[in-house]
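Asks: Sharing a structure with you now.
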Amino acid sequence: MASLFDVTRDELAGLLHDQPPFRLKQVWEGLYSNLQEPSQILTLPGALRERLDSELPSALDLATTSVSDKGDTVKFLWTLRDGGHPIESVLMHYRDRATVCVSTQAGCAMACGFCATGQAGFTRQLTTGEIVEQVVRAARASKAKGQRLANVVFMGMGEPLANEPAVWGAVERLHGDLGMSARHLTISTVGIIPGIRTLAERPLPVNLAVSMHAARNELRDELVPINKRYPIDDLIETCNDYLAAKNRRISFEWAMIDGVNDQPRAARELAGLVHRLKPSAHVNLIPLNPTPGWPTTGTPPSRITEFASRLEDLHVNVTVRRNRGTDIDAACGQLAAGQPVRIQSRRSAPAI
Ligand code: SAH
């Protein structure tokens with residue numbers, strides 16, 4: 001059975017074929033403009049509200065909500081209506097707006113050793129409705145706090161471009177029905193080249209973030225194993241094609257791992273990559289967050305600052321991402337939805 005946010009407006013029209021035509025508009029506006037549950041759309045007759053509830057159930061059941069010490073980061077743990085691996089989304093409140101980080105797969109098959117989701121493995125793809133519902137429910141929570149949900153980042157559990165059709169379905173729904181502009185939607189990828197190519201052909205110019213972490217194949221093969229299939233030179237060429245097609249900035253994500261990718265040499269190599277992009281990429285440095293299955297620690301803050309200024313000296317546009325929600329395991333790479341992880345057997349950090 002399709003879930004509430006899986007159906008397109010046309011599919012809903014089919015379902016409401018026995019109703020007066022204005023009902024479609026009432027339901028759609030209730031769901032997407034007013035962020036209501038069907039039972040709350042009081043312009044509808046009671047019988048229709050009940051029918052919607054039973055024929056189009058929501059896909060996610062809220063299992064737990066965790067709130068960070070500062071109260072600005074909220075993590076939702078969802079169980080999927082039809083079973084499988086639970087998933088998580090993270091709502092981040094800023095001064096004047098909110099951002100939600102959504103999952104695109106239950107688990108992940110990319111096996112990046114330093115990422116808790118990768119450590120736990122892959123269960124299944126999420127549907128468009130399961131992705132959209134994470135956004136709608138975060139938007140409701142945000143609205144309840146008097147804040148508008150302005151940005152969506154596809155950076156939660158899973159690899160968005162290994163589930164591109166469903167992710168694109170969600171992008172279209174968020175853009176067309178929730179009214180979010182493409183510049184406020186960001187897809188983060190390990191660098192799945194065919195996925196980036198598909199994205200370049202899609203009509204909306206969403207932001208692309210590439211999880212680079214290393215600028216040499218030898219090291220990147222180790223940190224991001226899919227690099228063996230899609231090596232750096234091919235990835236850079238594909239990023240340039242995306243830039244040419246979309247006229248949008250690309251950012252490189254760089255998790256700072258102590259003694260692994262934080263030396264002066266790593267900064268020079270990264271700057272070299274950045275300047276191969278036209279226009280050049282923006283770099284986001286992410287302090288490595290601890291995960292149960294990875295022995296190496298993050299670069300200390302003082303050396304992250306040093307690395308950032310080294311990059312600036314090399315004319316690289318760089319920001320250090322503020323870490324949020326580490327106290328509730330809600331930061332980058334920490335989402336595992338309570339799944340057991342495989343402990344890596346590595347004894348030392350890879351040689352540089
Ligand atoms: N699969 C996608 C999106 C999910 S991960 C991707 O890889 O881009 C979101 C970001 O968090 C990625 O840049 C990822 O490399 C990074 N990340 C993963 N584990 C991390 C950790 N332990 N500390 C900091 N960042 C991490």
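Asks: Would you calculate a helix-derived [θ] at 222 nm for the chain, using -39,500 (n - 2.57) for each DSSP H run of n ≥ 4 and dividing by the full residue count, to the nearest 500?
Replies: -9500 deg cm²/dmol
Asks: While we're here: In degrees from 0 to 90, rounded to the nearest 10, what is the angle of the helix 128-144 Cα long axis to the longest principal axis of the chain?
Replies: For helix 128-144, the angle is close to 80 degrees.
Asks: Below 13 angstrom from the Cβ of ALA150, what's the summed charge of the other residues (Lys, Arg +1; Asp, Glu -1)?
Replies: +4
Asks: Also, quick follow-up: Whole Å is fine, so just give me how far the alpha carbon centre of the range 305-331 lies from that of the range 34-110.
Replies: 29 Å
Asks: Further, regarding this structure: What is the mean projected area of the alpha carbon convex hull for the range 296-343, to one decimal in square nanometres?
Replies: Projected area, direction-averaged: 4.7 nm².
Asks: Separate question: By accessible area of protein heavy atoms, probe 1.4 Å, what ranking do THR326, THR186 get, highest first? Working shown, then result.
Replies: Working: THR326 60, THR186 25 Å².
Ranked from most to least accessible, the order is THR326, THR186.
Asks: Further, regarding this structure: Under a 5 Å amide H to amide H cut-off, with H placed in plane at 1.01 Å, what residues pair with VAL318 once short-range neighbours are removed?
Replies: VAL283
Asks: Let me ask something else. If I build a Gaussian network model for the chain, linking alpha-carbon pairs within less than 10 angstrom, which residue out of LEU126, LEU178, LEU16 has the largest mean-square fluctuation?
Replies: Between LEU126, LEU178, LEU16, it is LEU16 that shows the largest mean-square fluctuation.
Asks: Here's something else I'd like to know. Under 19 Å between C-alpha atoms is the cut-off here; go through the chain and count lysine pairs that meet it, provided they're at least eight residues apart or on different chains.
Replies: Working: LYS70/LYS143; LYS70/LYS145; LYS75/LYS143; LYS75/LYS145; LYS246/LYS278.
Here the count comes out as 5.
Asks: If you don't mind, another one. Using amide H atoms built 1.01 Å from N in the peptide plane, name the residues 5+ places from ALA63, or on other chains, whose amide H lies under 5 Å from its own.
Replies: Amide H neighbours of ALA63, under 5 Å, 5+ apart: LEU77, TRP78, THR79.
Asks: Here's something else I'd like to know. Among THR305, THR73, THR296, which one shows the biggest mean-square fluctuation in a GNM of the chain, springs joining Cα atoms closer than 10 Å?
Replies: THR305
Asks: May I ask for the Rg/Rh ratio of the range 258-307, computed from Cα atoms with Rh as the Kirkwood radius, given to two decimals?
Replies: Values: Rg = 12.6 Å, Rh = 12.2 Å.
Radius of gyration over Kirkwood radius for the range 258-307 works out to 1.03.
Asks: When the chain is modelled as a GNM with alpha-carbon springs shorter than 10 Å, which of ALA106, ALA150, ALA281 fluctuates the most?
Replies: The residue with the greatest mean-square fluctuation here is ALA150.
Asks: Which shape class, rounded, prolate or oblate, goes with the range 73-134 when its Cα gyration tensor gives a ≥ b ≥ c as root eigenvalues, a/c under 1.5 marks rounded, and past that a/b bigger than b/c marks prolate?
Replies: Numbers: a/c = 2.37, a/b = 1.38, b/c = 1.71.
The shape class here is oblate.
Asks: While we're looking at this one, here's another question. Would you work out which of LEU42, ALA139, THR8 lies farthest towards the positive end of the dipole of the chain? Charges go on Cβ: Lys and Arg +1, Asp and Glu -1.
Replies: ALA139
Asks: Here's another thing I want to ask about it. Would you mind classifying the range 46-93 by shape? Square roots of the alpha carbon gyration tensor eigenvalues, ordered a ≥ b ≥ c; an a/c under 1.5 is rounded, otherwise it is prolate if a/b is larger than b/c and oblate if not.
Replies: oblate
Asks: With θ taken as phi - 60° and the coefficients 6.51, -1.76 and 1.60, list the Karplus ³J(HN,Hα) couplings across the range 77-83 in order, rounded to whole Hz; mark glycine and proline as x.
Replies: Running phi through 6.51 cos²θ - 1.76 cosθ + 1.60 with θ = phi - 60° gives 9, 10, 9, 7, 3, 9, x Hz.
Asks: Under a 1.4 Å probe, what is the accessible area of the range 25-173 per residue, stated in Å²?
Replies: 37 Å²
Asks: Cα centroid distance between the range 274-294 and the range 128-170, in Å?
Replies: With the range 274-294 and the range 128-170 each reduced to a Cα centre, they are spaced 22 Å.
Asks: Now, a different point. What percentage of the solvent-accessible surface of the range 159-277, computed with a 1.4 Å probe over protein heavy atoms, is contributed by carbon and sulfur atoms?
Replies: 46 percent
Asks: Which cross-chain or sequence-distant (5 or more) residues have an amide H under 5 Å from the amide H of ALA255, H modelled 1.01 Å from N in plane?
Replies: Residues meeting the amide H criterion: HIS213, ILE286.
Asks: Please give the helix 301-313 orientation as an angle from the longest Cα principal axis of the chain, in degrees from 0 to 90, rounded to the nearest 10.
Replies: That helix lies at roughly 80 degrees to the long axis.
Asks: Follow-up question, since we're still on this one. Helix 164-176 versus the longest principal axis of the chain: what angle, 0 to 90°, nearest 10, using Cα atoms?
Replies: So the inclination is approximately 60 degrees.
Asks: As an exercise, take the mean of 1/r over every pair of distinct alpha carbons in the chain, invert it, and state the Kirkwood radius in angstroms. Write down the numbers at each step before the final one.
Replies: Working: mean 1/r = 0.0475 Å⁻¹.
Every distinct Cα pair counted, the radius reaches 21.1 Å.
The values are calculated or read from the model by the stated rules, or taken from the named source; none is laboratory data. Predicted model, so just to flag it, every value in this text is computed and none were measured. Positions of Cβ are backbone-derived with ideal geometry, glycine not excepted, and every protein chain shown enters the neighbour counts. To get the accessible areas, we keep the full protein, side chains included, count just its heavy atoms, and leave off ligands, DNA and RNA. Shrake-Rupley method; radii C 1.70, N 1.55, O 1.52, S 1.80 Å.
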